Amino acid sequence: MLTQAATLLAGVRSALVLTGAGLSAESGIPVFRGPAGLWKRFRPEELATPVAFVRMPREVWAWYRWRLEQVLASRPNEGHRALARLAGKRSLKVLNQNVDGLLEEAFREEGADEGAIESIHGSIRHAHCANCGVGCPMEEVAADDLPLCSSCGGYMRPSVIWFGETLAQTSLSALESEPRRRELLISIGTSAQVWPAASVLPAMNALGKPVIELNSDPDSFSQYKSIRLEGSAASLMPQLVREAVHV
Ligand code: OAD
């Protein structure tokens, strides 16, 4: 399977990549779903919503501070780095569901163009005022129990997309247009259950373009047609990239 996937990747000029929490798992950041999908005692669907933030802003902040601590203590892994090296060899668009900033960090460190990454669910490293929109780095506000905006006194919130919120227009446009522009899709470490992110899999199927899925859990592959690589992102991505483009 790896050789088949690598041969396909070797033969294209441009590829679309969908990344999920599994890509950052080996950096020490827990995934949401699947066998290891335990986020403390909360389900993301319960805390990552605008309604939860209105009802219990302190609890929502505590959850994000806990996540931020994990993110700040972590480093990109070999899966992130392999993807950055691939970006130096092929025209890539990465639709990144992760809010941890680790893929961006790997691209910077490997000298790849960060412009290839569209982090469609926002960034946990930034916060903004839910009232007036003024933003700042998360670290400047996250030490407070319930941080308030220095301009208008409104509640500060993490700059991530919550369940029930609409993605940025650039993300929606990319999700809509990129499947047509790219020759194949690599889906890495995602349960492909959250929409509209997961829509690129059926879109590529409908266009008759190949999909490579990489997941460590055989039961977590999507229902869509794909070449399935079972294994961890940090070990399989470097193998795939080395075999396909020799870096
Ligand atoms: P999930 O937690 O739903 O899925 C992670 C997937 O990664 C699972 O299928 C795991 O089997 C797989 N996995 C775990 N460790 C892996 C490893 N080392 N290598 C490869 N695969 C591994 O995470 P996402 O699909 O990213 O939304 O979740 C999508 C969205 O749901 C997230 O972006 C977040 C969440 O609620 C927002 O923040 C808006």
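The values are calculated or read from the model by the stated rules, or taken from the named source; none is laboratory data. Keep in mind that this is a model prediction, so the values were computed, not measured. Cβ placement follows ideal geometry from the backbone for every residue including glycine, while neighbour counts extend to all protein chains displayed.
Within the bounds of region 161-170, is there any residue that is part of a strand (DSSP E or B), within 13 Å of the ligand (Cβ to nearest atom) and either buried (at least 19 other Cβ atoms within 10 Å of the Cβ) or of a type in the set (G, A, S) (or both)?
no
Can you tell which of N98, N77 is in contact (Cβ under 8 Å) with a residue 60 or more places away in the chain, touching a strand residue (DSSP E or B) at 6+ places or on another chain (Cβ under 8 Å) and not hydrophobic (A, V, I, L, M, F, W, C)?
From the options N98, N77, the qualifying one is N98.
Tell me whether region 201-222 contains one or more residues that are surrounded by fewer than 17 Cβ atoms within 10 Å (Cβ to Cβ), without any contact (Cβ under 8 Å) to a residue 40 or more places away in the chain and on the phi > 0 side of the Ramachandran plot.
Yes, region 201-222 contains a residue that is surrounded by fewer than 17 Cβ atoms within 10 Å (Cβ to Cβ), without any contact (Cβ under 8 Å) to a residue 40 or more places away in the chain and on the phi > 0 side of the Ramachandran plot.
When region 63-80 is examined, which residues are found to be farther than 20 Å from S232 by Cα, aliphatic (A, V, I, L, M) and buried (at least 16 other Cβ atoms within 10 Å of the Cβ)?
L68
Got at least one residue in region 23-34 being in contact with an Asp or Glu (Cβ under 6 Å, 6 or more places away or on another chain) and at pLDDT 95 or above?
Yes, region 23-34 contains a residue that is in contact with an Asp or Glu (Cβ under 6 Å, 6 or more places away or on another chain) and at pLDDT 95 or above.
Please state which one of N131, N215, N205, N98 is within 16 Å of the ligand (Cβ to nearest atom), touching a Phe, Trp or Tyr at 6+ places or on another chain (Cβ under 8 Å) and not charged (D, E, K, R).
N215
Looking at region 227-247 only, could you name the residues that are polar (S, T, N, Q) and within 17 Å of A10 (Cα to Cα)?
Q239
Residue by residue through region 171-211, note down the ones that are among the hydroxyl-bearing types (S, T, Y) and assigned to a strand (DSSP E or B).
Residue satisfying the conditions is S187 alone.
Quick one: which of S187, S177 is hydroxyl-bearing (S, T, Y), away from the ligand (no atom under 13 Å from the Cβ) and either surrounded by 13 or more Cβ atoms within 10 Å (Cβ to Cβ) or without any contact (Cβ under 8 Å) to a residue 12 or more places away in the chain (or both)?
Answer to the selection: S177.
So, in region 123-136, exactly how many residues are among the small types (G, A, S) and touching a residue at least 40 places away in the same chain (Cβ under 8 Å)?
The total comes to 1.
Can you tell me which residues in region 222-238 are over 18 Å from A25 (Cα atoms), of a type outside the set (G, A, S) and not in a strand (DSSP E or B)?
Matches in region 222-238: Q223, Y224, K225.
From the list E118, E110, which residue is under 13 Å from the mean Cα position of the chain (by Cα) and crowded, with 16+ Cβ neighbours inside 10 Å?
Being under 13 Å from the mean Cα position of the chain (by Cα) and crowded, with 16+ Cβ neighbours inside 10 Å holds for just one of E118, E110, which is E118.
Before we move on, is V17 away from the ligand (no atom under 11 Å from the Cβ) and crowded, with 23+ Cβ neighbours inside 10 Å?
Spelling it out, V17 is indeed away from the ligand (no atom under 11 Å from the Cβ) and crowded, with 23+ Cβ neighbours inside 10 Å.
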